[in-house]
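Values in this text are rule-based calculations from the coordinates and carry no lab data. Only a predicted model underlies this, so the values are computations on that prediction, with no experimental measurement involved. No Cβ is skipped: glycine too gets one built from the backbone with ideal geometry, and neighbour counts run over all protein chains shown.
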């Protein structure tokens, strides 16, 4: 157990809809990173939030957006869902940005039909 | 971040040491080597990381060659619960993301 929680566990959406995924970081961690993991592949970095500001972004379109709240919990929002957005979405928290180890939550499995 | 190369799969007998190799020949001086593992359908689990010295913790040992172009993760007494995909990741000191490759699928057999 890493102390990182995510909700919901599973979600089914229709193409074109919008979705919000949530993450609570480990106590004391001010940095949250989000990753997308398609079936059979390694996780791909979406973006990172550090002290409520976006602190780096991977190769994902603007319809992937996020927020970090004063308590350091975070949301990932995806607009205009596409079939290829079906994946396991992982969040990871760390003590700070930089080389601190990231601790992952169990993920949210999103299916887009 | 430097690219890593790992064998796609390995087997290990239960109770024996599992030695997982990783090649990172283009690693830079300020890049760390991280190891994570992912058990089926769970989030990745941090194992260990190092810069140039060998490291050991309660889970594993990390051996980094003197030229830093390769490393080996050692699980000293593998158990069935160590069956997972193991990812070797090279990450810059100021980097904020983990770049996962294909990893090594370790199967521990009775």
_Cβ crowding within 10 Å averaged over residues, with A:73-80, A:62-69 ranked highest first_ = A:73-80, A:62-69
*Calculate the spin-label point distance for residue A:10 paired with residue B:79, positioning each point 7 Å from the Cα along the beta-carbon direction, and give it in nanometres.*
2.9
*Place the peptides B:20-30, A:81-91 in order of packing, highest mean first, counting for every residue the other Cβ atoms within 10 Å and averaging per peptide.*
A:81-91, B:20-30
_Pair residue B:26, residue A:27: separation of 7 Å Cα→Cβ label points (nm)_ = 4.3
*Average other protein chain Cβ within 10 Å of Cβ, residues B:38-49*: 5
*Within a 10 angstrom radius of each residue's Cβ in A:44-57, how many Cβ atoms of other chains show up on average? Whole number is fine.*
2
*Express as a percent, rounded to the nearest 5, the fraction of DSSP beta bridges in the protein assembly as shown (both residues included) that run antiparallel.*
90
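So in chain A, what percent of DSSP beta bridges are antiparallel if you round to the nearest 5?
Within chain A, antiparallel bridges account for around 90 percent of the total.
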*Least to most buried among A:2, A:113, A:31 (fewest other Cβ within 10 Å first)*: A:113, A:2, A:31
*Can you tell which of B:46, B:34, B:86 shows the greatest fluctuation in a Gaussian network model of chain B with Cα springs below 10 Å?*
B:46
_Those residues of the stretch B:74-90 whose amide nitrogen sits under 16 Å from the label point placed on residue B:40, 7 Å along Cα→Cβ_ = B:80-86
*Spatial separation of Cα centroids for the stretch B:34-110 and the stretch A:67-90, in angstrom*: 27
*Using only atoms on other chains, find how many Cβ atoms lie within 10 Å of each Cβ of peptide A:29-40 and report the average.*
1
*Compute the FRET efficiency between residue A:54 and residue B:52 as 1/(1 + (r/R0)^6), taking r as their Cβ-Cβ distance and R0 = 30 Å, and round to the nearest 0.05.*
0.40
_Quick check: the distance between the Cα centres of the stretch A:1-58 and the stretch B:1-32, to the nearest angstrom?_
26
_Two-site label geometry, residue B:72 and residue A:80: point separation in nm, points 7 Å out along Cα→Cβ_ = 5.1
